[in-house]
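Trainee: Provided herewith is a single structure, encoded as structure tokens, for subsequent inquiry.
The values are calculated or read from the model by the stated rules, or taken from the named source; none is laboratory data. Note that this is a predicted model, so its numbers are computed, not measured. Here the Cβ positions follow ideal geometry from the backbone for every residue, glycine too, while neighbour counts run over all protein chains shown. For accessibility, only protein heavy atoms count, side chains too; no ligands or nucleic acids. Shrake-Rupley method; radii C 1.70, N 1.55, O 1.52, S 1.80 Å.
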Amino acid sequence: MSAVLQVEGLRKHFVTKKGFPKPKTVTVRAVEDVSFTIGEGEAFGLVGESGCGKSTVARALLRLIEPDAGRVLYRGEDFRAANGAALKNFRRRMQIVFQDPYSSLDPRQSIGSALMEPMRVHGIAEGAEARRRAGALLEEVGLPPAALERFPHEFSGGQRQRIGIARALTVEPELIIADEPVSALDVSVQAQVLLLMKELRQRRGLAFLFVSHDLSVIRWFCDRVAVMYLGRIVEEGPAGRVLADPMHPYARILRDASPLPDPARRAELPRIIGEIPSAANPPPGCPFHPRCPQAMPVCSTTLPRWTIAPGEGQGGVACHLHG
Amino acid sequence: MSAVSDDPLVAAEVAPPPPSPWKRALGKARSNPTTMIGALICLLILAGAVLAPWISPYDPADQDIINRLQPPGGDYLLGTDQFGRDILSRLLWGARISLSVSLSAILAAMVIGGAIGMVSGYIGGRFDLFVMQVMDVLLSFPSLILGLIVVALLGPDLVNLIVAIALTAIAPFARIARAPTLALKERAFVEAGRALGYSHTRIIFRHILPNITSEVMVMATLWLATAVRVEASLSFIGLGVKPPTPTWGGMTRDGFENILDAPWLAVFPGIAILLLVLGLNMVGDGLRDATDPKLRNE
């Protein structure tokens, strides 16, 4: 399986100056040394609690915010070095679906115009041909072509999300970055939108980077998954293995905190102590050690190395328990 | 395709599409009597100005020396001035100056100020800080004083008058355009545009501009009233369009010389200014209320 997207050592720090008259520099380490690879047609999940930097990864990959360091290779080509026409070309290959369907569409632009504009900008189609394609895309996401004439405020959240997906498909991308695509929707609508994305994935052979905090969604949708904590990936591997038999204590707590449909298998809810620390002032050593039930003295001093999990293609973990 | 749409779009297809935000705002403004009275006043004055060559009873420059300082009524409906010129005709012709100067000045200020505000807000950072400080400096001059300085420097003529008034109105337009731009650029559709490879120019003019026009248009109506006032004030102190061209401010000033024996000379142009400013303010307030998201029930 060839890699569609390779991310190596991605880093993004947000620097702000606070205070008067002596401003103090506050550095929020939103993303620290994140690396992963997404294969062709693969759905890669990125999971973690709020504020762990998963959305920042999604945006930094697309250079919607410029990453500070690291490499983003799209089919072996350096996306971060691209400019002008080359960058525009890359934009066709990777698209994003946003979390909030209410702000992701221009309120003063008709759906038809919103779908035809990217085609015109990229010289894919114009006029009647663009219109035909836009109508076909709407049908593909389960909306009638009559929706072309309408405006975003006439649609529900789920319908808007479908339109957002259709817009991402206008430029025929190979990879879709879905940033919490269903977390703003009702549960019943979530299932429909997820189903739609899974169908599109099969029909079009799309690769996905699926950012979510919902393990059950990740389990259902993704082939591989990476668990993020405080800007770092702490465990990565096949979704089945990571979610059933996590190696990292944090991943285990996440798994146990997610509800299981089978009451017989339900165990006592584990306690996770404290809040996620501020990324502006991360703890030394392993970022998880202040909350880790299995913390050892070494955890508070040394950042754990990346350890390959036993077995072929089982991913890896950053934890002293396995180091 | 197994996916079904999640709620009854079918029903929406039968019902007529809900009106666009603009139509809704206009409908709301129409139901407000104050706005409609204001609009009526403005339209009447506009009609008077446009039709002045055909409807004014006399040439505004014709002097009927024998009938100078005639009181209202009789041959001259609103009387004559100290040179025997017909007040009504001069008022109608004066409306042309008042309206054309204010309209072109506000149009220029809207385009320039709006562009400055949008670009500044969109770029943000130090650039934005610098631009807005310059605007604050402009804003700290009262419009009349700024207009005075510009006209005094450039000399009083029609174009300079427009430049002067436009200059006083650029800063408020920059501000009114910048504020919603700051909010809009954080919305996901702007990010989506960037992810789709749209240029910044395209995002600013195709996606941000249509979303701020209502705010800017409301501002324009309100500032039109200010522009009319500034134009009248500058004409009043002799820095407007030069006589014998009739201007409302100039007529008021001329009338002052005879205020005791012929008060109508100053009163009628004064009323004209009052009506136009009042009408514009009524329309502006009505439009503002109609487009105010807090009052709009969504």
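Trainee: Quick check on this structure: which one of A:Val171, A:Val182, A:Val193 is in contact with a Pro (Cβ under 7 Å, 6 or more places away or on another chain), within 14 Å of another protein chain (Cβ to nearest Cβ) and outside any helix (DSSP H, G or I)?
Mentor: None of the others qualify; the one that does is A:Val171.
Trainee: Hey, any hits in the stretch A:131-153 for a residue that's in contact with a Phe, Trp or Tyr (Cβ under 7 Å, 6 or more places away or on another chain), assigned to a helix (DSSP H, G or I) and surrounded by 16 or more Cβ atoms within 10 Å (Cβ to Cβ)?
Mentor: Taking every residue of the stretch A:131-153 in turn, none turns out to be in contact with a Phe, Trp or Tyr (Cβ under 7 Å, 6 or more places away or on another chain), assigned to a helix (DSSP H, G or I) and surrounded by 16 or more Cβ atoms within 10 Å (Cβ to Cβ).
Trainee: Select from the stretch B:150-181 the residues that are hydrophobic (A, V, I, L, M, F, W, C) and either more than 25 Å from B:Ser100 (Cα to Cα) or loosely packed, with under 14 Cβ neighbours inside 10 Å (or both) and list them in ascending order.
Mentor: If the condition is that a residue be hydrophobic (A, V, I, L, M, F, W, C) and either more than 25 Å from B:Ser100 (Cα to Cα) or loosely packed, with under 14 Cβ neighbours inside 10 Å (or both), then B:Ala152, B:Leu153, B:Leu154, B:Val159, B:Ala179 are the ones that fit.
Trainee: Can I ask one more? Sort out which residues of the stretch A:50-66 are in contact with an Asp or Glu (Cβ under 8 Å, 6 or more places away or on another chain), open to solvent by less than 20 Å² (accessible area, probe 1.4 Å) and at the interface with chain B (Cβ under 8 Å from one of its Cβ atoms), and write them in order of number.
Mentor: Selection gives A:Leu64 alone.
Trainee: For the stretch A:33-66, give me each residue that is within 18 Å of A:Ala251 (Cα to Cα) and assigned to a strand (DSSP E or B).
Mentor: A:Val34, A:Ser35, A:Phe36, A:Phe44, A:Gly45, A:Leu46, A:Val47
Trainee: Quick check: anything in the stretch A:154-167 hydrophobic (A, V, I, L, M, F, W, C), surrounded by fewer than 22 Cβ atoms within 10 Å (Cβ to Cβ) and not in a loop (DSSP other than H, G, I, E, B)?
Mentor: no
Trainee: Can you pull out every residue in the stretch A:101-159 that is among the polar types (S, T, N, Q) and either more than 7 Å from chain B (Cβ to nearest Cβ) or over 26 Å from the mean Cα position of the chain (by Cα) (or both)?
Mentor: Correct list: A:Gln109, A:Ser110, A:Ser113.
Trainee: Also: If only one of B:Ala174, B:Ala108, B:Ala164, B:Ala169 is under 19 Å from B:Leu224 (Cβ atoms), in a helix (DSSP H, G or I) and touching a Phe, Trp or Tyr at 6+ places or on another chain (Cβ under 8 Å), which one is it?
Mentor: B:Ala169
Trainee: Another question, then. Search the stretch B:239-263 for residues being open to solvent by 40 Å² or more (accessible area, probe 1.4 Å), of a type outside the set (Val, Ile, Thr) and out of contact with any Asp or Glu (no Cβ under 9 Å at 6 or more places or on another chain), and hand back the single one that is farthest from B:Ala152 (Cα to Cα).
Mentor: My answer is B:Asp261.
Trainee: Can you pull out the residues in the stretch A:67-98 that are in contact (Cβ under 8 Å) with a residue 24 or more places away in the chain, more than 8 Å from chain B (Cβ to nearest Cβ) and part of a loop (DSSP other than H, G, I, E, B)?
Mentor: A:Pro67, A:Asp68, A:Arg75, A:Gly76
Trainee: What about B:Glu186, is it in contact with a Leu (Cβ under 6 Å, 6 or more places away or on another chain), within 13 Å of chain A (Cβ to nearest Cβ) and either without any contact (Cβ under 8 Å) to a residue 24 or more places away in the chain or of a type in the set (Lys, Arg) (or both)?
Mentor: The answer is no for B:Glu186.
Trainee: Still on this structure, I have one more. Exactly one condition in (1) over 29 Å from B:Pro180 (Cβ atoms); (2) in contact (Cβ under 8 Å) with a residue 12 or more places away in the chain; (3) open to solvent by 40 Å² or more (accessible area, probe 1.4 Å) is not met by A:Ala128; state its number.
Mentor: (2)
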